[in-house]
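Here the structure comes first, spelled out in structure tokens, and everything after it is commentary.
FYI, it's all coordinate maths here, none of it is from the lab. Every value quoted in this text rests on a predicted model; they were computed, and no experiment measured them. Cβ: placed from backbone, ideal geometry, glycine included. Neighbour counts: every protein chain shown.
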Amino acid sequence: MFDKKDASRGRPAQGKSSSAADRASTATTPARAGPGSTAVIGRSIKIDGTLSGDEDLRIEGYVSGTIRLPNHCLTIGKEGRVKADVYTKSMMIEGEVSGDLISSESVSIRTTAKISGNILAARVSLEEGAHFKGSIDMDPKSIERALVKREVKRVASDPGGSERAKPATLTNVKSTPTETGAAQQAAGDKKL
Amino acid sequence: MESLAEDRRWVILDLGMARPQTIDFLSRFRCRVDIADLEDAVIASLDWQGESGAAPDPVESLRSMPRSEPADVVLTWDYLNYLSRQQITGLMTAIATRSRPGAFVHALTGYSRSVMSRRPGLFAPLDEGRLIELSTGTPDRSATRYSTEDLDRCSPDFTIERIRLLTSGMQEYLFRLRQPVEASR
């Protein structure tokens, strides 16, 4: 019944994230370079409210409230801290997250991630060393129900379709021009 | 584990930490996995030297987890070896209150090892329904070596459905929740 294999323990020193991800997190990323690009919320930015948009987003700062990117990918970087309910097409988590996370496709939890909450996604992958406490629901029917419920809730709270249920507020803006640009985009327009 | 292939929803409660192999294995079934991650609480309780304040209670960590759907399968694996009899009783009662009648609890206990590692071993399910022991660490604790009678006494809400001796020096138990237990317990 049992095979033994010499392997490292579950919570090793961090350091298994891909070099591509490392490069992405350290590079000077333009706030918004054009169609198909990734918007960035910089390290010193704090946002409280509802974020929604039509492009990919990377968070290295702090966001609380609700994040809606139903057709795009959200990356929560190593420096990122999120306390929010999140709805996306796909998600990659390297930082700290607390809340309900719903993705229509996949959630990838990297070795540096610390997550407390519930995940609903058809595909969930988790790297060795990641901290997770909560539930992971991979039942397609549950995900479908959650997505429908989310849509009903969104329409009810935003009948005009403006998605301005609660204005996002921005604090502690002491950032580089690049980061400030992203933050203004996120907080002012809210539609990324 | 064979039953998981049935086309129905399963709720699985894993008392250990989230493991890539477990999530990967379960991702092919219609299921929800609740991760209790009791390891740190269990170790804190074992290492507690009577310092000021209350003793850490790993069972409280489970009780404080939000309840939603009752569990169909509970994976305790190596954890019972790291609890006192009183804590096992508390744990099994807490499991009973958050599980469906007929729910299974899968546990492994050491029967021949006189020492066990500092932290609970890590296990991963394989495709063919076997478990692989990934790592046990250096053995430096006296093994508890609970008997079947011990575990039976500590689990009044459960029947022991199956016991199997394994060549690794472990004993595999399959408990089954006997009857509904009031949620207020």
Revision key, fill the gap. Within the range A:81-104, residues farther than 16 Å from residue A:153 by Cα and hydrophobic (A, V, I, L, M, F, W, C) come out as A:82, A:91, A:92, A:93, A:97
Exercise for review: Identify all residues within the range A:96-125 that are in a strand (DSSP E or B) and touching a helix residue (DSSP H, G or I) at 6+ places or on another chain (Cβ under 9 Å); write none if there are none.
Suggested key: A:100, A:102, A:103, A:104, A:109, A:120, A:121, A:122, A:124, A:125
Check your understanding: Would a scan of the range B:105-120 turn up a residue that is surrounded by fewer than 20 Cβ atoms within 10 Å (Cβ to Cβ), more than 14 Å from every other protein chain (Cβ to nearest Cβ), on the phi < 0 side of the Ramachandran plot and under 15 Å from the mean Cα position of the chain (by Cα)?
Key -> no
Check your understanding: In the range B:88-100, is there at least one residue being within 14 Å of chain A (Cβ to nearest Cβ) and farther than 30 Å from residue A:106 by Cα?
Key -> no
Point to revise | Cross-chain or 6+ apart pairs with Cβ under 7 Å, the range A:77-94 first and assigned to a strand (DSSP E or B), then of a type in the set (Phe, Trp, Tyr) | key: A:81/A:62
Practice item. State the number of residues belonging to the range B:23-51 that are surrounded by fewer than 23 Cβ atoms within 10 Å (Cβ to Cβ) and either within 21 Å of residue A:112 (Cα to Cα) or of a type in the set (Gly, Ala, Ser) (or both). Key: 10
Exercise for review: Return a yes/no flag: does the range B:52-68 have any residue that is in a loop (DSSP other than H, G, I, E, B) and crowded, with 20+ Cβ neighbours inside 10 Å.
Suggested key: no
Review point. Do you know which of the residues in the range A:101-116 that are surrounded by fewer than 19 Cβ atoms within 10 Å (Cβ to Cβ) and touching a Gly at 6+ places or on another chain (Cβ under 8 Å) is farthest from residue B:71 (Cα to Cα)?
Key: A:114
Review point. Of everything in the range B:6-21 that's within 9 Å of another protein chain (Cβ to nearest Cβ) and of a type in the set (Lys, Arg), which residue is surrounded by the fewest Cβ atoms within 10 Å (Cβ to Cβ)?
Key: B:9
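So if I check each of B:138, B:167, B:159, B:144, which one is away from chain A (no Cβ under 13 Å), more than 21 Å from residue B:35 (Cα to Cα) and free of Cβ contacts under 8 Å to residues at least 60 places away in the same chain?
Unique residue meeting the criteria: B:159.
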Exercise for review: Starting from the range A:128-157, take each residue that is within 7 Å of chain B (Cβ to nearest Cβ) and list its partners that are loosely packed, with under 13 Cβ neighbours inside 10 Å, counting only C-beta distances under 7 angstrom and pairs at least six apart or across chains.
Suggested key: A:128/A:12
Check your understanding: Across the range B:30-51, what is the total count of residues that are outside any helix (DSSP H, G or I) and either more than 30 Å from residue B:7 (Cβ to Cβ) or in contact with a Pro (Cβ under 6 Å, 6 or more places away or on another chain) (or both)?
Key -> 5
